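Encoded as structure tokens, the structure appears first; notes follow it.
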Amino acid sequence: MKILSPTSLFCMLALLPVQALAEDVDESRSIAPDATVSISNVAGEIQISVWDRNEVHLTGILGNNQELDITENANGIQIEVLHIDDNEDFDEAELVLVIPLGASIVAEGVSADILIEGSSGASISAESVSGDVTVQADTSRVELSTVSGDLEFKGSSRRCSVETVSGDIILKGISGEISVSTVSGDTELQAGVIDQGKFETVSGSLDLSMSVSDGGRLTVEGMNGDVELWLPASQTGDFSAQTFSGDISSDFGSVKSESFGPGSHLKHSKGDSGTGIRVETFSGDIHIGHK
């Protein structure tokens, strides 16, 4: 019989607690095709994809000091990673979730990345503090927020609300109503026809491409960040742009310098569509051009 050395025996014993604390996840539940699926994970990752079954299937790995809580209710199902003892450290949990194609989604994390692919549910809400949020979906309403992570949405949506502090934002396929707020992150938008649009930034740059509907309203406000707004040459409406110390250039109307002090402004009307387009910055440059 082979006798293990003290060193080998110590190494094997040291590994046992780690292996015992890790837990594989494999859970399935039946739900309505248009139910709401809520999932929460503090650290790690959340991956959500879809299939044509009226069922959710959750796989992944729980880490140290974690357990899984699954609650079914009248609206759908709620999945949450809980910490058994707040006084102890915990590892990251990796969760992979497959849900019905038409289910709505609520996903929350702290330092967890969130990835959602293929959904066509009525609404999607995804929020993380320091994780990245990436969504590819065709949905009526989407709400995305993070503090220091990046946000990306591709697909289609008629109502969109996005907030971040220092993360970058990429949005493609938005139409209808959109609201974007950021402090220092840059924003890139490739949109269709916007009815109501509001963009706010402190020092991040805004690169926005869209058209604004008849009677629609677009407001862009920045402090130090530059603004590039791209509109079709046929865009009609009342155009207004103003900056205190930045420069303005425009394919819509002529730019005038202030009579006294720094700054410049633009006022221009084209057609009688009732559309209002206003862009203002303090020290950032403004360009309104044909796309």
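Details
- Region 59-184: antiparallel DSSP beta bridges as a percent of all, rounded to 5: 20 percent
- Share antiparallel - DSSP beta bridges, the chain, percent rounded to 5: 20 percent
- Region 223-291 and region 126-143: distance between their alpha carbon centers, rounded to Å: 31 Å
- Computed [θ] at 222 nm, helices only, for the chain once each DSSP H run of length n ≥ 4 contributes -39500 (n - 2.57): -2000 deg cm²/dmol
- Nearest-ten-degree value, helix 6-21 long axis tilted from longest Cα axis of the chain: 60 degrees
- Convex hull volume of the Cα atoms of region 25-77, normalised per residue: 84 Å³.
- Share of carbon and sulfur in the accessible heavy-atom surface of the chain [1.4 Å probe, %]: 48 percent
- Ratio of Rg to Rh over region 45-121 (Cα coordinates, Kirkwood Rh, two decimals): 0.99
- Of all the options D272, D226, D214, the one that moves most in a Gaussian network model of the chain with Cα springs shorter than 10 angstrom is D272.
- Debye log10 I(q)/I(0) for region 21-170, one point scatterer per Cα, at q = 0.10, 0.14 Å⁻¹: -0.32, -0.63
- Potential extension, Q190-E67 segment - 0.36 nm per residue separation minus Cα distance: 40.2 nm
- At a probe radius of 1.4 angstrom, the accessible area of the chain per residue rounds to 49 square angstrom.
- Per residue convex hull volume, Cα atoms of the chain, in Å³: 179 Å³
- Alpha carbon Rg of region 113-182, scaled by the compact-globule rule 2.2 N^0.38 Å: 0.96
- Amide H partners (placed H, <5 Å) of D247, local residues excluded: D285, I286
- The orientation-averaged shadow of the Cα convex hull for region 143-242, equal to a quarter of the hull surface, comes to 5.6 nm².
- Here the Karplus curve 6.51 cos²θ - 1.76 cosθ + 1.60, taken at θ = phi - 60°, turns the phi angles of region 169-185 into couplings of 10, 10, 10, 9, x, 6, 8, x, 10, 8, 9, 10, 9, 8, 9, 10, x Hz, with x standing for Gly and Pro.
- Cα-Cα separations in region 106-151 greater than 13 Å, expressed as whole percent: 46 percent
- With eigenvalues of the C-alpha gyration tensor scaled by 5 and rooted, region 208-291, Å: 21, 13, 11
The values are calculated or read from the model by the stated rules, or taken from the named source; none is laboratory data. A quick note: this is a predicted structure, and the numbers were derived from the prediction, not measured. Heavy atoms of the whole protein, side chains included, go into the accessibility calculation; ligands, DNA and RNA do not. Shrake-Rupley method; radii C 1.70, N 1.55, O 1.52, S 1.80 Å.
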